[in-house]
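So the structure is just underneath, and the comments pick up after that.
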2 protein chains.
Amino acid sequence: MKYCSSCGALVTHEIPDGDNRHRHICGACDEIHYKNPNIVVGVIAEWQEKIILCRRAIEPRIGYWTMPSGYLENEESTEEGAQREAEEEAGIDVKMGELLTVINIPQIGQVHMIYLGQLRSPRFQAGIESLEVQLLAEADIPWDQLAFPTVKLALQHFFADRQTGQFKLHSEVLRKPAKPG
Amino acid sequence: MKYCSSCGALVTHEIPDGDNRHRHICGACDEIHYKNPNIVVGVIAEWQEKIILCRRAIEPRIGYWTMPSGYLENEESTEEGAQREAEEEAGIDVKMGELLTVINIPQIGQVHMIYLGQLRSPRFQAGIESLEVQLLAEADIPWDQLAFPTVKLALQHFFADRQTGQFKLHSEVLRKPAKPG
């Protein structure tokens, strides 16, 4: 950030009175511009023991696999956001279930909230952000072709919990996300 | 947002190619400026059946009570954020526990994540954002003097769960937050 989004003047980067962190502050209108972490929402959507994965048609990690997920938008709840991503990326209609993981990645300011879900029908169709969509059994998950460490972690928890018959919330912090490639 | 924070030119508010929502787009450098929901983190910190509440010294809702909570900052996890707020607002050292509530407030773009916690010692001290801090038994909670609907909801879940002896995650959506006052 170089310019104030309210008045267009140059901003400085300093600690405001009564604060303890550097913020962008407008030199003209004094507005303080805060920048906070973003939420990524997603869903592991199941149909008869299989789950939906999408092969990404966009960067980063084009060609790699992920559950439907994306940034939470304003004016939607976290569950609604995950449901929307499922519809947009995989063309699926999901009955949302419990929250499975909260994965923090502090270095990049992201909190990933991945939910359980059940397909209402076995219909699916790749959206414009997906090269393809598949319903995959555990044995067919492309573990070495997953797009992000968060995807792998959430899927590991999902299959481990499913084996025990009891899903629970997993809170994780990824300190150094693996480099792509 | 009126001006591009990268180049200072005027922004327009329209739907970018391949998107389905209005965004602020720079007319000069073409940057798309996304605005997403914020995370509020907090903790219900317990010491021998009592919990820590703070009376707010800042607007909004000055003079009303809340558990320690505030916006998640970059470069910290949600648990670390809640722990930091506890230290800043109540001067307490908290051993963090499980996530108790995820409360969505879509209209104002907030997701409140309230954790369980245990004080490591009974020491507490009001920080600059608190008028006072108290360790309160359930019978002494000022239910009609709580700062926000999210505070009431989280405390209700906490005491109800504590009575059953089993804490679980509560996911909530507040569609129309009560007006202050």
What gaps in nm, shortest first, separate A:Asp161 from its twins in the other copies when you place the label 7 Å past Cα toward the beta carbon?
1.4
Of all DSSP beta bridges in segment A:52-181, what percent run antiparallel (nearest 5)?
75 percent
Could you run the Karplus curve 6.51 cos²θ - 1.76 cosθ + 1.60 with θ = phi - 60° over segment B:155-165 and give me ³J(HN,Hα) per residue in whole Hz, x for Gly and Pro?
5, 4, 4, 4, 5, 5, 5, 4, 5, 7, x
Per residue of B:34-40, what is the mean number of Cβ atoms on other protein chains within 10 angstrom of that residue's Cβ?
6
Cross-link table A:Lys152/B:Lys176; A:Lys168/B:Lys152; A:Lys152/B:Lys168, entries beyond 31 Å C-alpha to C-alpha
A:Lys152/B:Lys176
Karplus 3J(HN,Hα) series, Hz, for segment B:134-150 with 6.51 cos²θ - 1.76 cosθ + 1.60 (x for Gly, Pro)
9, 8, 10, 6, 3, 5, 9, 5, x, 4, 8, 10, 7, 6, 9, x, 4
Please average, across the residues of B:169-175, the number of beta carbons from any other chain that are within 10 Å of each residue's own beta carbon, and give a whole number.
3
Phi to ³J(HN,Hα) by Karplus 6.51 cos²θ - 1.76 cosθ + 1.60 over segment A:63-68, Hz, x for Gly, Pro
x, 9, 9, 8, 6, x
From other protein chains only, count the Cβ atoms within 10 Å of every residue's Cβ in A:6-19, then give the mean.
2
Taking Lys and Arg as +1 and Asp and Glu as -1, residues besides B:Ile103 with C-beta under 13 Å from its C-beta add up to 0
Using only alpha carbon pairs under 8 Å that are at least six residues apart, calculate the relative contact order of chain A and give it in whole percent.
22 percent
Which order do the peptides B:93-106, A:21-34 come out in when sorted by mean C-beta neighbours inside 10 angstrom, highest first?
B:93-106, A:21-34
One decimal, nm, nearest first: from B:Asn36 to the same residue in each other copy, label points 7 Å out along Cα→Cβ, the values are 1.4
Over the Cα atoms of segment B:36-96, Rg to Rh with Kirkwood Rh, two decimal places?
0.98
Could you work out the mean projected area of the convex hull around the alpha carbons of segment B:1-64, in square nanometres to one decimal?
7.8 nm²
Tell me what the protein assembly as shown gives for mean residue ellipticity at 222 nm when only DSSP H runs of n ≥ 4 count, each as -39,500 (n - 2.57), the sum divided by the residue total, rounded to 500 deg cm²/dmol.
-5000 deg cm²/dmol
For segment A:90-173, what is the convex hull volume of its Cα atoms per residue in Å³?
119 Å³
For the protein assembly as shown, what percent of Cα pairs sit more than 31 Å apart?
41 percent
Please build a GNM for chain A, connecting alpha carbons under 10 Å apart, and tell me which residue among A:Gly18, A:Gly127, A:Gly91 fluctuates the most.
A:Gly18
In nm, spacing of pseudo-spin labels at A:Ser6 and A:Arg123 (7 Å Cα→C-beta vector):
4.8 nm
Shortest first and in nm, the label-point separations between A:Lys95 and its counterparts in the other identical copies (7 Å out along Cα→Cβ) come to 4.1
Overall form of segment B:35-181 per C-alpha gyration tensor (a/c, 1.5; a/b vs b/c)
rounded
Counting only residues 5 or more places away or on other chains, whose amide H sits under 5 Å from the amide H of A:Leu72 once H atoms are built in the peptide plane?
A:Ile39, A:Val40, A:Val41
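Any read-out appearing in this document is the output of simple, stated calculations on the displayed coordinates, not a laboratory observation. The structure presented is a predicted model; accordingly, all values stated were derived computationally and were not measured. Quick reminder, even Gly has a Cβ in these numbers, built from the backbone with ideal geometry, and neighbours come from all protein chains shown.
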